[in-house]
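J.: Okay, handing you the structure first.
The values are calculated or read from the model by the stated rules, or taken from the named source; none is laboratory data. Values in this document were obtained by computation on a predicted structure and should not be read as measured data. Every residue, glycine as well, gets a Cβ built from its backbone with ideal geometry; the counts of neighbours run over all protein chains shown.
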C-alpha cells in the first residue's frame, strides 16, 4: 500500500501542510540557488534581492540596510558584504535619502530585475498555471492563509 500524497490528505492535517510548505520552499530554493550559481552570487544575495524587491510591496517603504539585516537575520558586516557584492555585480544601487542623508535606500536596478524576471519566468508560468485551476474566491482564501501564516511566523522572530 502506498502512503498518501500530501495533496491527498485532509486540509486540516498539519503534517500535510508542513510537507506541502517544505516542498514548495525546496522548489523555490532550488531555483534561487541555480540563479545564484549562474550569476556568481551567494544564496544570501538572492534572498537579499528578493527582500529588496518585495519591500515596497510589503509596506510601501524602500529597503534599507538595517531593515535588510533584520529581515535576513544577519550581522551588519554580513549585510555590508552582501550589498557590496550585489552593487559590484550591478544588481543594486545604494542611494542616500534626500531628506535625511544618514538613511540609505536600496534599489534593485532595472536591468538586474529584468534578468531575474527572465530567469524566474518558469516559476511565474507555473504559478499562473496553478492559479488558473482555482476560482478567485479560492485564491483569496489561499492568500489569506499565506498572509496569516507569514504573520504568525514573523511574530516568532
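J.: Which of the numbered conditions does residue 94 fail, given that it passes all the others? Conditions: (1) closer than 27 Å to residue 27 by Cβ; (2) in contact with a helix residue (DSSP H, G or I) (Cβ under 9 Å, 6 or more places away or on another chain).
T.: In the conditions (1) closer than 27 Å to residue 27 by Cβ; (2) in contact with a helix residue (DSSP H, G or I) (Cβ under 9 Å, 6 or more places away or on another chain), residue 94 misses (1) alone.
J.: Turning to a different aspect of this structure: Taking the stretch 35-54 on its own, how many of its residues are surrounded by 12 or more Cβ atoms within 10 Å (Cβ to Cβ) and touching a residue at least 24 places away in the same chain (Cβ under 8 Å)?
T.: 11
Each row is one residue, and each column tells you yes or no for (1) closer than 25 Å to residue 26 by Cβ; (2) in the same structural domain as residue 24 (by TED's automatic domain parsing); (3) at pLDDT below 95.
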| site | (1), (2), (3) |
| --- | --- |
| 57 | yes, yes, yes |
| 61 | no, yes, yes |
| 64 | no, yes, no |
| 68 | yes, yes, no |
| 75 | no, yes, no |
| 83 | no, yes, no |
| 86 | yes, yes, no |
| 89 | no, yes, yes |
| 131 | yes, no, no |
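J.: So, in the stretch 69-128, of the ones that are more than 17 Å from residue 43 (Cα to Cα) and touching a residue at least 40 places away in the same chain (Cβ under 8 Å), which residue ends up surrounded by the fewest Cβ atoms within 10 Å (Cβ to Cβ)?
T.: My answer is 122.
J.: Okay, next question. Do we have residue 142 as farther than 25 Å from residue 41 by Cβ and in contact (Cβ under 8 Å) with a residue 24 or more places away in the chain here?
T.: Considered against the rule, which asks whether it is farther than 25 Å from residue 41 by Cβ and in contact (Cβ under 8 Å) with a residue 24 or more places away in the chain, residue 142 comes out as no.
J.: Taking residue 67 as the residue in question, decide whether it is under 26 Å from residue 125 (Cβ atoms) and in a helix (DSSP H, G or I).
T.: Judged against the criteria, residue 67 is not a match.
J.: Does residue 57 qualify as being within 16 Å of the chain's Cα centre (by Cα) and assigned to a helix (DSSP H, G or I)?
T.: Yes, satisfied.
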